[in-house]
Amino acid sequence: MNYADIFLAVLELASVLGLYVLAGYAREVVTTKWRICYVVPAIVCMTFTAFSGFEISMLGVYFGAVILLVGFLKDSVELRRYSCAVAGVCIIASVVVCNVNPGYRAPDYVADFKEGFEIMRKHYILLQYKEIDWDALYEEYLPQFEAADKDHDEVKNTLCWQSFCREFHDGHVSYVISEDTAQRANERILGNDYGLSLMTLENGQTVAVNVEEVSQIAEAGIRNGTVITAWDGKGIEEMEADRETPFSGYASRENEIFYQALLVAGSGGECAAITYLDENGQEQTITAKRLGTYADRLQNTFDILNQGVEAGNLSWSNLSDKTVCLRIKTMMYDSASYENGDHSRMKEELRGRLLELRQEGITGLVLDLRSNSGGSPQFIMAIAELLAPEGEHDYAYDGVWDEDAKEYKFNPDTGNYEVGNGLTYEGENLWRDGRIVVLVNSETISAGDHLTQMMSGYDNVTIMGFTPPNGSGQGVGGITFSKGQLTYSAVPVLNEDGTIFVDSDASRVSRIMLDKKIPFDKNAVRALFDEGRDYMLEYAAGYLEKGGK
């Protein structure tokens, strides 16, 4: 029970005892003023309920306060004491119900869904662009939220929201919940751990990765890089088709495909039949026992695949005598510059460092944007101004807000938004004599997408990664519920002609293309999972050492 309900129940019980005693006292000291005392519990109850809200499990407390009104209507000791006894029983029973009822003060998940759905339908700015069928979504998901509400199941509600958000293929559409609830949701949907994860290589083979060193499968000869040909008697592609992806909104299909085999490794019950190629290339099958839930191993595999330099934001590291790396984990310098948009101090620090590196003969620069979570557009422009070719460059344009309609002006005939103010920047080309690699992964999102898109047009820049960045670059809005928050793309970020900047449309083809795709092959598996090396960074450094070849 929450503190307000506990306080009200205790206060009402104290009133019951007091009024029970008062009934006898009122018989000895006859006055009509005692009748007013029997109204007070009802007034107190109504006042508390007005602030804390009605709760059906507290019905006994409410009913008890009403029963005590008998003492106001009837000047009878016996009737007053009888009503006090009944009220006390109702209040105590209500306290018991509150503590055993899973629906006590439970959020209304259906109301949350309807509210969030209607707000998104009105304000989600990629509605036409991504060809969202709102009626079909409502028909599909309303019964699911009704089931979660009926069961008072917070985890089921979380899974419903996560599934709903994935329909948009937009990294800015997400359901944010407490870490504990998110973990329980992952454990429920991701399945069981059998001691390994799976990834598909460039050549189409699916291999074991992140294999538990001391395990049943390791004893059978399964190692990182061992080819897995079937799972529970089915081919890997067939298993992938059977598993709904729990991954949050990847705008491009390419990112989703890259991780798809990971999900298969959680499939099965207490055991899973794993078919693999032994050292002689012969198929073998082992029935692996469940070790626990798969959520933790999957997260650890993600961490290994998506690693970035473990350093503070805007930290430099030397990769060789000719190449350096600048790690940009978030597009934020400090809280003050984030609030006021003034990144002049950061810009001067970076300018000074870049000029020093040029004097030292450094020619290769890696901008490590892996898992960059986004941030300030002014931060982006400060970096772009230093590295862009000389002259003026467009960044992006705002939409035009219609104050009457309370939405951004959109032309249904062209399918574009009306363009407002634009952001431009003046390039200094401080790295004109060198080459730059922008290193990205699927978790490079929002402002990280923006900087990648902008720099992809520079002649001396190569965009590189296993996959393109996330591809979600619109401004974000949010709706807060009692148990979580729904975020969505709410503010258009546009090109000069009113088309969408960065985000992919319903085709899910990435708008930000890699110039150089790092092959995810057995060399990558060995480096990442056996040797613990940063394969992507090494690949980028090697590319620059060879003069960008």
* For the chain, calculated [θ]222 nm from helices alone, where every DSSP H run of n ≥ 4 adds -39500 (n - 2.57) -> -12500 deg cm²/dmol
* Relative to the first principal axis of the alpha-carbon coordinates of the chain, what is the inclination of helix 40-52, with its axis defined by its Cα atoms, in degrees from 0 to 90 and to the nearest 10? -> 10
* Can you work out ³J(HN,Hα) from phi for every residue in segment 412-425, in order, using Karplus 6.51 cos²θ - 1.76 cosθ + 1.60 and θ = phi - 60°, giving whole Hz and x for Gly and Pro? -> x, 6, 8, x, 10, 7, 6, 8, x, 6, x, 9, 10, 9
* To do: With a 1.4 Å probe and every protein chain kept in, tell me what percent of the accessible surface of the chain is carbon plus sulfur.
  => 51
* To do: Evaluate E = 1/(1 + (r/R0)^6) for D321 and M513, where r is the Cβ-Cβ distance and R0 equals 45 Å; express this FRET efficiency to the nearest 0.05.
  => 0.90
* **Overall Cα dimensions of segment 5-80, principal axis frame, Å, largest first** => 39, 17, 16
* Asked: Of the cross-linked pairs K156/K234; K33/K74; K234/K289; K329/K546; K347/K516; K517/K546, which ones have a Cα-Cα span greater than 20 Å in the structure shown?
  -> K156/K234; K329/K546; K347/K516
* Structure fact -> Using the Kirkwood radius over Cα pairs of segment 102-250, the Stokes-Einstein translational diffusion coefficient at 4 °C and 1.567 mPa s, in µm²/s and rounded to a whole number, is 72
* Given a Förster radius of 45 Å and the C-beta distance between S482 and N280 as r, what FRET efficiency does 1/(1 + (r/R0)^6) yield to the nearest 0.05? -> 0.15
* Asked: Once phi is turned into ³J(HN,Hα) by the Karplus curve 6.51 cos²θ - 1.76 cosθ + 1.60 with θ = phi - 60°, what whole-Hz value does each residue of segment 313-330 show in order, with x for glycine and proline?
  -> 4, 6, 9, 9, 9, 8, 9, 6, 6, 10, 9, 10, 10, 10, 8, 10, 7, 8
* **Residue-span extension gain [F72 to E146] - 0.36 nm each, minus C-alpha spacing** => 22.3 nm
* Net charge over other residues, Cβ less than 14 angstrom from the Cβ of T49 (K, R count +1; D, E count -1) -> -2
* Structure fact -> Of segment 453-493, those with amide N under 18 Å from the point 7 Å along the Cα→Cβ vector of T499 are 453-458, 471-474, 492-493
* Express the Stokes-Einstein translational diffusion coefficient of the chain in µm² s⁻¹, to the nearest whole number, given a Kirkwood radius over alpha-carbon pairs, 4 °C and a viscosity of 1.567 mPa s. => 47
* Rg(Cα) of segment 334-411 divided by 2.2 N^0.38 Å? -> 1.50
* Structure fact -> Per the Kirkwood formula over distinct C-alpha pairs, the hydrodynamic radius of segment 217-325 in angstrom is 16.6
* To do: Evaluate 2.2 N^0.38 Å with N set to the residue count of segment 409-495, then give the Cα radius of gyration divided by it.
  => 1.40
* To do: Could you tell me what percent of the DSSP beta bridges with both partners in the chain are antiparallel, to the nearest 5?
  => 75
* Can you check what the net charge comes to around T363, using other residues whose Cβ is under 13 Å from the Cβ of T363 (Lys, Arg +1; Asp, Glu -1)? => +1
* Asked: How far, in degrees from 0 to 90, does helix 179-190 lean away from the longest principal axis of the Cα atoms of the chain, to the nearest 10?
  -> 70
* In a Debye calculation with equal point scatterers on the alpha-carbon sites of segment 506-549 and no solvent, what is log10 I(q)/I(0) at q = 0.22, 0.27 Å⁻¹? -> -0.81, -0.96
* Asked: Restricting attention to the alpha-carbon atoms of segment 295-357, what are Rg (one decimal) and Dmax (integer), both in Å?
  -> 15.5, 46
* **Accessible surface, per residue, of segment 434-543 when the full set of protein chains is kept, probe 1.4 Å, Å²** => 32
* Global size of segment 126-172 as Cα Rg and Dmax, reported in angstrom -> 11.9, 36
* Asked: Sequence-distant or interchain residues sharing an amide H contact under 5 Å with E418, placed H: which?
  -> V400, K409, F410, N411
* Taking θ as phi - 60°, what are the ³J(HN,Hα) couplings along segment 256-272 by the Karplus curve (6.51, -1.76, 1.60), each to the nearest whole Hz, with x for Gly and Pro? -> 5, 4, 4, 9, 4, 5, 3, 5, 4, 5, x, 7, x, x, 5, 9, 9
* Asked: To the nearest µm²/s, what D does Stokes-Einstein give for segment 369-466 at 10 °C and 1.306 mPa s, using the Kirkwood radius over alpha carbon pairs as Rh?
  -> 105
* **Extended-chain gain in nm, criterion 0.36 nm per residue less alpha-carbon gap, K234 and I257** => 6.4 nm
* Structure fact -> Quick calc, K522 & R188: beta-carbon distance into FRET formula, R0 30 Å, rounding 0.05, result 0.35
* Asked: Summing +1 for each Lys or Arg and -1 for each Asp or Glu, what net charge is found among the other residues whose Cβ lies under 13 Å from the Cβ of Y62?
  -> -3
* Write down the accessible area per residue of segment 34-93 in Å², having rolled a 1.4 Å probe over the full set of protein chains. => 53
* To do: Would you mind computing the Rg to Rh ratio of segment 256-395 from its alpha-carbon coordinates, Kirkwood style for Rh?
  => 1.18
* Would you work out the relative contact order for the chain, in percent, from Cα pairs under 8 angstrom that are 6 or more residues apart? => 13
* For segment 55-155, would you read off the P(r) tail past 19 Å as a percentage of all alpha carbon pairs? => 62
* **Tilt relative to the chain, helix 77-100 - C-alpha long axis, 0 to 90 degrees, to 10** => 20
* Hey, what's the Cα Rg ratio for segment 62-121 versus the globular rule of thumb, 2.2 N^0.38 Å? -> 1.85
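The values are calculated or read from the model by the stated rules, or taken from the named source; none is laboratory data. Note that the coordinates shown come from a computational prediction; the quantities given were computed from them, not determined experimentally. Cβ: placed from backbone, ideal geometry, glycine included. Neighbour counts: every protein chain shown. Note: areas computed on protein heavy atoms with side chains; ligands, DNA, RNA excluded. Shrake-Rupley method; radii C 1.70, N 1.55, O 1.52, S 1.80 Å.
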